[in-house]
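Visitor: Shown below is the structure under consideration.
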Amino acid sequence: QVQLVESGGGLVQPGGSLRLSCVASGSIASINNMGWYRQSAGNPREFIASVSSSGNTIYVNSVKGRFTVSRDNAKNTVYLQMNSLKPEDTAVYYCVTLPDLNYWGKGTLVTVSS
C-alpha cells in the first residue's frame, strides 16, 4: 500500500510560482505513472499532469508551458513546478497513482490572488 503526502501549497500572487511535492511512503519506482489532479470550488477533480517511470509527461492544455511535472524515484517523490500562476489555478492539488487512481493524497491548497 502507498500513502501519498502533498506539500508546498500556499498563497501566491498572479504571475508567481510554487513547487508542490508529493512524498510516497512506499517505493514509487514500480509505479509506472504518477500524476496530479486539482479541484476548485464547485468543480469536479480534473487531471493536470502525469509522469511515467521513464520520464514521459502529459499535461492538460490549460497548464502546458507553465507547469512541469517530474519525479525522483530515489526519493519517492513527485514534483509539480507551477509558474506564471493565474487566479484560475486556485484549487486543492492532489497527487495520485495512475492509471488505477487507487491511491490519493489529502491534497494541498494553492491560492492565487493579489
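The values are calculated or read from the model by the stated rules, or taken from the named source; none is laboratory data. From a predicted model like this one, the values you see are computed outputs, not experimental measurements. Neighbour counts run over all protein chains shown; Cβ positions are idealised from the backbone, glycine included. Remember, those area values only see protein heavy atoms, side chains included, never the ligands or the DNA or RNA. Shrake-Rupley method; radii C 1.70, N 1.55, O 1.52, S 1.80 Å.
Visitor: How many percent of the accessible area of the stretch 37-94 is carbon or sulfur, using a 1.4 Å probe? List each step's numbers first, then the result.
Guide: Working: 1370 of 2890 Å².
Percent of accessible area from carbon and sulfur atoms in the stretch 37-94: 47.
Visitor: I would also like to ask the following. Could you work out the relative contact order of the stretch 33-114? I mean the mean sequence separation of Cα pairs under 8 Å and 6+ apart, divided by the number of residues, in percent.
Guide: 29 percent
Visitor: With a 10 Å cut-off between alpha carbons and a GNM built on the chain, which of 21, 30, 70 moves the most?
Guide: 30
Visitor: Something else: Averaged per residue, what accessible area in Å² does the chain show with a 1.4 Å probe, protein chains only?
Guide: Working: 5830 Å² over 114 residues.
Counting only protein heavy atoms, the per-residue value for the chain is 51 Å².
Visitor: Evaluate E = 1/(1 + (r/R0)^6) for residue 40 and residue 1, where r is the Cβ-Cβ distance and R0 equals 22 Å; express this FRET efficiency to the nearest 0.05.
Guide: On the way: r = 29 Å, r/R0 = 1.31.
In this case the efficiency is close to 0.15.
Visitor: So what is the relative contact order of the stretch 20-70, in percent, for Cα pairs below 8 Å that sit 6 or more residues apart?
Guide: Details: 51 pairs, mean separation 13.4, N = 51.
RCO, the stretch 20-70: 26 percent.
Visitor: For the chain, with only Lys/Arg (+1) and Asp/Glu (-1) charged at the beta-carbon, what is the dipole magnitude about the Cα centre, in debye rounded to 20?
Guide: Details: 9 positive and 6 negative charges, 28 e Å.
Computed about the Cα centre, the dipole is about 140 debye.
Visitor: What is the Cα convex hull volume of the stretch 13-114 when expressed per residue in Å³? Before the final figure, lay out the partial values.
Guide: On the way: hull volume 9.5 nm³, N = 102.
Convex hull volume per residue, Cα atoms: 93 Å³.
Visitor: Which of the three applies to the stretch 64-111, rounded, prolate or oblate, going by the alpha-carbon gyration tensor with a ≥ b ≥ c and a/c under 1.5 meaning rounded? Present the calculation step by step, with values, prior to reporting the outcome.
Guide: Details: a/c = 2.10, a/b = 1.40, b/c = 1.50.
Oblate, because a/c is 1.5 or more while a/b does not exceed b/c.
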